[in-house]
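J.: The structure under discussion is supplied below as structure tokens; questions concerning it will follow.
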Amino acid sequence: MNILFLAASLIAIFSNDDVGTTMYPLLKIGVGPRAVALGEAYVGLSDDITAAYWNPSGLNDVNGLQFYVSHHEWFLDIRDEYFILGMPGLNGYFALGCVYSSIPGVEIWDENNEAQGTENLWSGIISLSHGRRISEKIAVGIGLKAVYEDLYEETMHDFAVDIGTKVYLSDKIHFGGALRNVSYTWDVPSDIKLGCCYLGIKRMCMLIDVTLPSDNIPSVHTGVEYAIHEYFSIRTGWRSGPYDLAKLGWYSGITAGFGITYGVFKLDYAFVPYGKLGVTHRIAITTGLHRLHPENSLLITVRDGETQQ
């Protein structure tokens, strides 16, 4: 944690408001309707398979074989598709992720300002993450990413690393920190997220994060999740950035959504407004094979008739 707080201090000193000075914008997009509905305040919680994006140490809280698929509907028919496969291993948990983002019908013009028709542009990310607990109160995680962009006449690719940690102060209070998208070039939009999760109110989770990006000003994120029933949860949140709320409107900082759980299936949805630009929708389904809980297991004891051992 000391290393993360030191890095946070350095980024706080050197961060600036030169928005858009890095490439690969897909790396800035929040993954998962649940986390996004909570205002992207998720680094302190990160207890599902999308922890591979927010804080890989949170994968320690996931169990069993899981499969996750998500669809993001943006403006102008832009769409993002997310796939994550997770499984236990090496005293922790692995997650293999893939992201595909498509931009259809982009107009192409030549140097003489003559139309050359339209093209479909795309970008993608492949990642491998692992999280494990190293002590009763501390978990750590790491993720490796390869990112690619096809911009018609130009293609770009790069590599990045995520490093995260979670501190379980108690069953009710968790702290998290993540250094994300660290690369050997300055073209990758890296950031540091620090957050806290409070589970002290019955059926309610309260979250707060601070994000320190390399190409923007710091932003604050808050979220609340309330479980109306074990099968149904509602969520809402607020974020001060990275978008300019003064230009998009104050309500563009509000997020909302819900989650439904039925057996091994989980459905999550998020509704996120962007002011004058419109609204976006995210939906995801998670399923898999989970470990049996002790109350669903059978213990058979065999004793020797004479020694009773």
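J.: Equivalent-ellipsoid semi-axes (√(5λ), Cα gyration tensor) for the stretch 101-200, whole Å, largest first?
T.: Equivalent-ellipsoid dimensions as semi-axes: 41, 14, 11 Å.
J.: Which whole-Hz ³J(HN,Hα) couplings does the stretch 302-309 yield from phi under the Karplus relation 6.51 cos²θ - 1.76 cosθ + 1.60, θ = phi - 60°, glycine and proline marked x?
T.: Computed from phi, the couplings for the stretch 302-309 are 10, 10, 6, x, 9, 8, 6, 8 Hz.
J.: Give me the angle, in degrees from 0 to 90, between the Cα long axis of helix 2-14 and the longest principal axis of the Cα atoms of the chain, rounded to the nearest 10.
T.: Helix 2-14 and the main axis of the chain meet at about 20 degrees.
J.: Within a Cβ distance under 13 Å of VAL147, other residues only, what is the Lys/Arg minus Asp/Glu net charge?
T.: -2
J.: What is the extension gain from LEU96 to GLU119, computed as 0.36 nm multiplied by their sequence separation minus the C-alpha to C-alpha distance, in nm to one decimal?
T.: Additional length available on full extension: 5.3 nm.
J.: To continue, here is another question. Provide the net charge surrounding VAL220, with neighbours chosen by a C-beta distance below 13 Å and charges set as Lys +1, Arg +1, Asp -1, Glu -1.
T.: 0
J.: Given the options GLU114, GLU81, GLU149, state which has the largest fluctuation in a GNM of the chain using a 10 Å cut-off (strictly under) for Cα springs.
T.: The residue that fluctuates most here is GLU114.
J.: Return the sequence-ordered ³J(HN,Hα) values of the stretch 154-169 in whole Hz as given by the Karplus equation 6.51 cos²θ - 1.76 cosθ + 1.60 applied to θ = phi - 60°, using x for Gly and Pro.
T.: 10, 10, 9, 8, 7, 10, 8, 10, 10, 10, x, 8, 10, 10, 8, 5
J.: For LEU245 and ILE260 in one chain, what is 0.36 nm times their gap in residues minus the Cα-Cα distance, to one decimal in nm?
T.: 2.4 nm
J.: Here's another thing I want to ask about it. Given points 7 Å out from each Cα along the Cα-Cβ axis, report the LYS276 to THR301 separation in nanometres with one decimal.
T.: With each label point 7 Å from Cα toward Cβ, the separation is 7.3 nm.
J.: By accessible area of protein heavy atoms, probe 1.4 Å, what ranking do HIS72, HIS281, HIS157, HIS174 get, highest first?
T.: HIS157, HIS281, HIS174, HIS72
J.: Which FRET efficiency, nearest 0.05, do ASP171 and LEU267 yield, Cβ-Cβ r, R0 41 Å?
T.: Calculated transfer efficiency: 0.95.
J.: At 25 °C and a viscosity of 0.890 mPa s, what translational diffusion coefficient does Stokes-Einstein give for the chain, taking Rh as the Kirkwood radius over Cα pairs? Give it in µm²/s as a whole number.
T.: Estimated diffusion coefficient is 119 µm²/s.
J.: Each label point is 7 Å from the Cα along the Cα-to-Cβ direction; what then is the distance between the points at GLU111 and PHE159, in nm?
T.: According to this spin-label approximation, the distance is 3.5 nm.
J.: For the stretch 203-309, which chymotrypsin sites (Phe, Trp or Tyr not before Pro) are both in a DSSP coil and crowded by at most 16 other Cβ atoms within 10 Å?
T.: Passing sites in the stretch 203-309 are TYR231, TYR274.
J.: Post the alpha-carbon centroid distance, the stretch 182-209 to the stretch 99-153, in whole angstrom.
T.: 21 Å
J.: HN-Hα J couplings of the stretch 217-230 from phi, Karplus 6.51/-1.76/1.60, θ = phi - 60°, integer Hz, Gly and Pro as x?
T.: With the stated coefficients, the stretch 217-230 comes to 7, x, 9, 10, 10, 10, x, 9, 10, 10, 8, 4, 8, 4 Hz.
J.: Right, something else. Distance cut-off 22 Å, Cα to Cα: go down the list LYS145/LYS172; LYS172/LYS202; LYS137/LYS266; LYS193/LYS266 and report the pairs above it.
T.: The pairs that break the limit, which is 22 Å between Cα atoms, are LYS145/LYS172; LYS137/LYS266; LYS193/LYS266.
J.: Still on this structure: Connecting C-alpha atoms closer than 10 Å in a GNM of the chain, tell me which of ARG132, ARG203, ARG239 has the biggest fluctuation.
T.: ARG203
J.: Further question on the same structure: Students sometimes get this wrong: rank HIS71, HIS130 by accessible area, probe 1.4 Å, all chains present, largest first.
T.: HIS71, HIS130
The values are calculated or read from the model by the stated rules, or taken from the named source; none is laboratory data. These numbers come from a predicted model, not from an experiment. Glycine gets a Cβ as well: all are built from the backbone with ideal geometry, and neighbour counts include every protein chain shown. These accessible areas exclude ligands, DNA and RNA; they are computed on the full protein's heavy atoms, side chains included. Shrake-Rupley method; radii C 1.70, N 1.55, O 1.52, S 1.80 Å.
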